[in-house]
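Notes for the one structure printed next.
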Amino acid sequence: MQTQLLDFLPDDAQSQVKSLLAKDNLVIKVKKERKTKHGDYRQLPNGKHQITVNANLNRYRFLITLIHEIAHFEAYNRFGRFIKPHGKEWKSTFQHLMLPFLRPEVFPIELLPLLANHFKNPKASSDTDTQLALALKRLDEREDKTFVFEVPLGKTFKLYNDRVFKRGNKRRKRFECVEVKTGKLYLFNPNAEVEQLD
């Protein structure tokens, strides 16, 4: 395994990840930031299996994403290719692989209860678990972040792709936001990163 990959992981998780990857025929690539996903898994035409993980993730999100993608590979090998991508086989595999990492030597103590709760029934993306996603984002190196829930009602904000929205009311979990240019209504997770405009 490349030393470069270890640099993206918490120190106390490195040996466990090394031994986990030693038995698998996986190609791991660290990619530049992709806005729509943290990582992915796929079988290559040559029969090998590839996992990619974004380089811009903090070490805790990087570890969770890497184990998430390894779980896809292991569930595929164990249960076959006709399982649902984030079905019960993947969930149980992800839980099993992640359990040894859920300790204070690997994750900050304040994350552990959120992780324990998340892994009772892991979702396709840790971003859908609002509390966990927000806690993970607060550990990023960038300090100048604004989240949708922090934007005052009726104020405008901009996304990474320069689309401008006006923040509306909160529904049960998400916020109604109207795109200024089109007038279309969108629902935003509270932890979406934005740039407030006014």
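Scoring Phe79 on the criteria (1) modelled with pLDDT of 95 or more; (2) in contact with a Ser or Thr (Cβ under 9 Å, 6 or more places away or on another chain); (3) over 19 Å from Ser19 (Cα atoms) leaves a single failure, condition (1). Annotation note: Cβ proximity below 6 Å between a residue of the range 114-137 that is closer than 17 Å to Pro190 by Cα and a residue that is exposed (fewer than 15 other Cβ atoms within 10 Å of the Cβ) (sequence gap 6+ or interchain) occurs for Leu114/Gln131.
Among the numbered conditions (1) at pLDDT below 95; (2) within 25 Å of Leu114 (Cα to Cα), the only one that Gln95 does not meet is (1).
Taking each residue of the range 77-89 that is without any contact (Cβ under 8 Å) to a residue 60 or more places away in the chain and looking for partners that are surrounded by 13 or more Cβ atoms within 10 Å (Cβ to Cβ) and among the charged types (D, E, K, R) with beta-carbon atoms closer than 7 Å, six or more apart or interchain, yields Phe79/Glu89; Ile83/Glu89.
Condition check ((1) among the aliphatic types (A, V, I, L, M); (2) at pLDDT 90 or above; (3) under 22 Å from Lys88 (Cα atoms)) across all residues:
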{"residue": "Pro108", "(1), (2), (3)": "no, yes, no"}
{"residue": "Leu112", "(1), (2), (3)": "yes, yes, no"}
{"residue": "Leu115", "(1), (2), (3)": "yes, yes, yes"}
{"residue": "Lys145", "(1), (2), (3)": "no, no, no"}
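The values are calculated or read from the model by the stated rules, or taken from the named source; none is laboratory data. Note that the coordinates shown come from a computational prediction; the quantities given were computed from them, not determined experimentally. Backbone-built Cβ (ideal geometry, glycine too); neighbour counts: all protein chains shown.
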